[in-house]
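The values are calculated or read from the model by the stated rules, or taken from the named source; none is laboratory data. Quick caveat: nothing in here was measured; it's all calculated off a predicted structure. Cβ coordinates were reconstructed from backbone atoms using ideal geometry, including for glycine residues, and neighbour counts include every protein chain displayed.
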Amino acid sequence: MTVLNLGTRGSALALWQAHQVAAEIRTRSDYDCELVIIKTTGDRLADASLSTVGGKNVFVKEIEQALVDGRIDLAVHSAKDMPADLPDGLAIPAVLPRDDARDAVILPADAAEPLDDSPGALGHALGAEPRVGSGSVRRVAQLSRMWPTAQFRLVRGNVGTRLSKLDRGNYDVLILAAAGLRRLGHADRISAYIRVDDCVPAPGQGIIAIETRADDQRAIAAVTPINDLETAAALTAERAVVRTLGGGCQVPIGAFAEASDSRLALRAIVASLDGSRLLRREATRPLDDACALGVATAEGLLEDGAGPLLDLARASHGDALDTQ
């Protein structure tokens, strides 16, 4: 059996994802994987705001360089951590089926009871001025429209660290990606899921992406059998939105695509940082037209005035950002 070197970050979530991919490859191909743990800039600067250290690229650039150099044969990423433009010579030939893409509300352990997920009920349950831990500008822009009196505060670190900070009283509530919580066995900490229409997820949220060199036929052959076509189409459309808008983690962009009956439905938003303005577009096209769907949706947002909102967000550099 041919063994491939699989590059991954060393966090608990990254390792869970890498082991999942390796297990799928072993089961469905004639290849095996050996994990290679690579420490990224994002791991070394775990307490810094992403806007000050380079944005989402800090979680992938060292791993991608290892791919380019041939030190690893494939890499596993949370798709939402990946910049919209890949380095020359790299590709995403496979993704696993998408997990829950929604954002989740987490209360302290001694108060973690299920909540009504309607915006009004959630806002009432959180109190008059809840301290909300989530520096994601996308979340803050959308949730500040639902919870105008909330105090949004930066939170960094891995999932376990964030939960510990919540339970110590640093925050009244956390907002995290449901998929990461579920994968790490923390689904019981979820007090409510935020509806996709109320907070459109980050492009790629809930998707595990596999990156290879574009010309490495051996690695591509190993991952092709595990590729989920509907999830791949959704990711293509969502990444096309970000690429066309010229966005990144410093700007409040949400994009989420769902496949049904060989068609792909996409919704995307661009908001001002304070949530006072929010532009939304929705469209549907055949599944094999995913890239064009994303481009057309983003172009519609630009026609609606997204450009100035994005320029203002970039100029501010957003001083509280995360990707969890």
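Side notes on the structure shown:
- Members of the stretch 5-35 that are without any contact (Cβ under 8 Å) to a residue 24 or more places away in the chain and within 26 Å of residue 162 (Cα to Cα): 15, 19
- Some residue of the stretch 85-94 being modelled with pLDDT of 90 or more, touching a Lys or Arg at 6+ places or on another chain (Cβ under 8 Å) and more than 28 Å from residue 270 (Cβ to Cβ): yes
- Single condition residue 211 does not satisfy, out of (1) closer than 16 Å to residue 139 by Cα; (2) assigned to a strand (DSSP E or B); (3) touching a residue at least 60 places away in the same chain (Cβ under 8 Å): (1)
- The single condition among (1) in contact with a Ser or Thr (Cβ under 6 Å, 6 or more places away or on another chain); (2) modelled with pLDDT under 95; (3) more than 16 Å from residue 141 (Cβ to Cβ) that residue 250 does not satisfy is (3).
- Residue ID - farthest from residue 246 (Cα to Cα), chosen from residues in the stretch 293-305 that are hydrophobic (A, V, I, L, M, F, W, C) and more than 21 Å from the chain's Cα centre (by Cα): 296
- Here residue 313 clears all of (1) more than 16 Å from residue 199 (Cβ to Cβ); (2) surrounded by 19 or more Cβ atoms within 10 Å (Cβ to Cβ); (3) modelled with pLDDT of 95 or more except the condition numbered (3).
Results for (1) closer than 30 Å to residue 224 by Cβ; (2) among the small types (Gly, Ala, Ser); (3) not assigned by TED's automatic domain parsing to the domain that holds residue 243, shown as yes or no for each residue.
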{"residue": "76", "(1), (2), (3)": "yes, no, yes"}
{"residue": "85", "(1), (2), (3)": "yes, no, yes"}
{"residue": "91", "(1), (2), (3)": "yes, yes, yes"}
{"residue": "123", "(1), (2), (3)": "no, yes, yes"}
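- Check on residue 257, free of Cβ contacts under 8 Å to residues at least 40 places away in the same chain, among the small types (Gly, Ala, Ser) and under 30 Å from residue 62 (Cα atoms): yes
- Check on residue 200, surrounded by fewer than 24 Cβ atoms within 10 Å (Cβ to Cβ), in contact (Cβ under 8 Å) with a residue 40 or more places away in the chain and part of a loop (DSSP other than H, G, I, E, B): no
- Helices (runs of 4 or more DSSP H) completely within the stretch 95-196 that count 2 or more residues being among the hydroxyl-bearing types (Ser, Thr, Tyr): 159-167
- One residue from 9, 44 being surrounded by fewer than 20 Cβ atoms within 10 Å (Cβ to Cβ) and either at pLDDT below 95 or of a type outside the set (Val, Ile, Thr) (or both): 44
- Complete set of residues in the stretch 253-286 that are modelled with pLDDT under 95 and of a type in the set (A, V, I, L, M): 273
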